[in-house]
Amino acid sequence: MKKYAGQTVLAIGAHPDDLELAVGGTLARLSRDGARVVMAIVSIPADFERRREEAKRAAEILGCELRFLVDDGCRRIDDIKTHQLVGLVDDLVSELEPAAVMTHCASEFHRDHVAVHHACVSAQRLKAFDFFHFNPTMCRPVPTPFHPRAYVDVSETMDVKMKAIEAHASQFGSRGLDTELYRDIARLNGRMVGVKYAEGLDVGRMLLA
Ligand SMILES: [Zn+2]
């Protein structure tokens, strides 16, 4: 991932923990390899202060900057008008001028995640950035079509990813969700490309240079 050294990579997730689950290892690796990595969270639906602090801690663990697009209290993405969501993403892309953007995929079963995907699709008109979509967010396995065609070797950042996921204690402690699922997914993706752990990305647009 040295391709992005000295440049900005912007990862946009609908909620706290979405980015860590899908691309935590990739973001940590990008940061270690010299990119400025900005994690942007669109909104916090509930438990504002606690989830905000958990997200900050997780971003710190991954070595990334953190932004909240809606930061004045709990909000559901459904309550943000489409043009406002597009405006929020546009502002961020215009400010950061990222070399790459990563976000949810179109086949997500969470409709609010799909809304974020579409806002990022729309931001492509502002600037030519590499555009990647990541694994559907799931707390328990759900059959959802997603076929990654690019893989990031996260063997060295897998443990950091797991620590960042565990920083979201309100989700993975009290609710009793099993974090090993994310290690399983990374192991399977790793097998696809002959490494121990990998995260899969679908490519929306990419400049091969
Ligand atoms: Zn979410």
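Over 14 Å apart: what share of the alpha carbon pairs of the stretch 14-95 falls there, rounded to a whole percent? Each step should come with its number before you reach the end.
Working: 2066 of 3321 pairs.
Counting pairs separated by more than 14 Å, the tail of P(r) holds 62 percent.
Determine one quarter of the surface area of the Cα convex hull of the chain, which equals its mean projected area, and express it in nm² to one decimal. Before the final figure, lay out each step's value.
On the way: hull surface 41.7 nm².
In nm², the orientation-averaged hull projection of the chain is 10.4.
Please list, in order along the stretch 185-190, the HN-Hα scalar couplings obtained from phi with the Karplus expression 6.51 cos²θ - 1.76 cosθ + 1.60 (θ = phi - 60°), rounded to whole Hz, x for Gly and Pro.
4, 5, 5, 5, 4, x
Which stretch or stretches of the stretch 123-140 have amide N atoms under 19 Å from the point lying 7 Å from ALA209's Cα along the Cα→Cβ direction?
Under 19 Å, as judged by backbone N against the label point of ALA209, lie 124-132 of the stretch 123-140.
Hey, with R₀ at 30 Å, roughly what FRET efficiency would LEU126 and LYS2 work out to, going by the Cβ-Cβ distance, to 0.05?
Details: r = 26 Å, r/R0 = 0.85.
That gives a FRET efficiency of 0.75.
For ARG32 and HIS147, FRET efficiency with R0 = 25 Å and r from the beta-carbon atoms, rounded to 0.05?
Working: r = 28 Å, r/R0 = 1.10.
In this case the efficiency is close to 0.35.
Only Cα pairs within less than 10 Å get springs; with that Gaussian network setup on the chain, which residue of LEU181, LEU62, LEU85 has the largest fluctuation?
LEU181
Using the Karplus curve 6.51 cos²θ - 1.76 cosθ + 1.60 with θ = phi - 60°, work out ³J(HN,Hα) for each residue of the stretch 9-15 in order, rounded to whole Hz, and write x for Gly and Pro.
Computed from phi, the couplings for the stretch 9-15 are 10, 10, 10, 10, x, 5, 9 Hz.
What's the center-to-center distance, using Cα atoms, between the stretch 141-209 and the stretch 1-79 in Å?
15
If R0 is 22 Å, what FRET efficiency do you get for ALA46 and HIS118 from their C-beta distance, rounded to 0.05? Spell out each step's value before the answer.
On the way: r = 24 Å, r/R0 = 1.07.
The pair ALA46/HIS118 has a calculated efficiency of 0.40.
When the chain is treated as a GNM, springs tying every alpha-carbon pair under 10 Å, which of SER31, SER43, SER94 comes out with the largest mean-square fluctuation?
Looking only at SER31, SER43, SER94, the largest GNM fluctuation is found for SER94.
With θ taken as phi - 60° and the coefficients 6.51, -1.76 and 1.60, list the Karplus ³J(HN,Hα) couplings across the stretch 65-81 in order, rounded to whole Hz; mark glycine and proline as x.
Computed from phi, the couplings for the stretch 65-81 are 7, 9, 10, 10, 6, 10, 10, 10, x, 5, 8, 8, 4, 4, 8, 9, 5 Hz.
Using a simple spin-label model with points 7 Å from Cα along the Cα→Cβ vector, what separation in nm is obtained for GLU156 and SER170?
3.4
Can you compute the modelled spin-label distance between GLU53 and THR82, with each label point 7 Å from Cα toward Cβ, in nm?
Each label point is offset 7 Å from its Cα along the Cβ direction, giving 3.9 nm.
Highest GNM mean-square fluctuation, the chain, Cα pairs closer than 10 Å: which of MET39, MET162, MET102?
MET162
Going by amide H atoms built from the backbone, whose H comes under 5 Å of the H on GLY204, apart from near neighbours?
Those qualifying (amide H under 5 Å, at least 5 residues apart or on another chain) are PHE131, PHE132, HIS133.
With the contact rule set at Cα under 8 Å and sequence spacing of 6 or more, what percent relative contact order holds for the chain? Display every interim value, and only then the final one.
On the way: 404 pairs, mean separation 50.6, N = 209.
Here the relative contact order equals 24 percent.
Taking a threshold of 24 Å on the Cα-Cα distance, which of the pairs LYS81/LYS163; LYS56/LYS81; LYS127/LYS196; LYS3/LYS56; LYS3/LYS81; LYS2/LYS196 fall above it? Please list the in-between numbers first.
Working: LYS81/LYS163 34 Å; LYS56/LYS81 26 Å; LYS127/LYS196 35 Å; LYS3/LYS56 26 Å; LYS3/LYS81 35 Å; LYS2/LYS196 20 Å.
Over 24 Å apart, Cα to Cα: LYS81/LYS163; LYS56/LYS81; LYS127/LYS196; LYS3/LYS56; LYS3/LYS81.
Taking the inverse of the average 1/r across all pairs of different Cα atoms in the stretch 74-183, what Kirkwood radius in Å do you get? Intermediate values should be presented prior to the final figure.
Values: mean 1/r = 0.0627 Å⁻¹.
When all Cα pairs of the stretch 74-183 are included, the Kirkwood radius is 16.0 Å.
Coordinate-derived values only; no laboratory data. Everything numeric in this text was worked out from a predicted model, so none of it was measured. We place every Cβ from the backbone using ideal geometry, glycine too, and count neighbours over all the protein chains shown.
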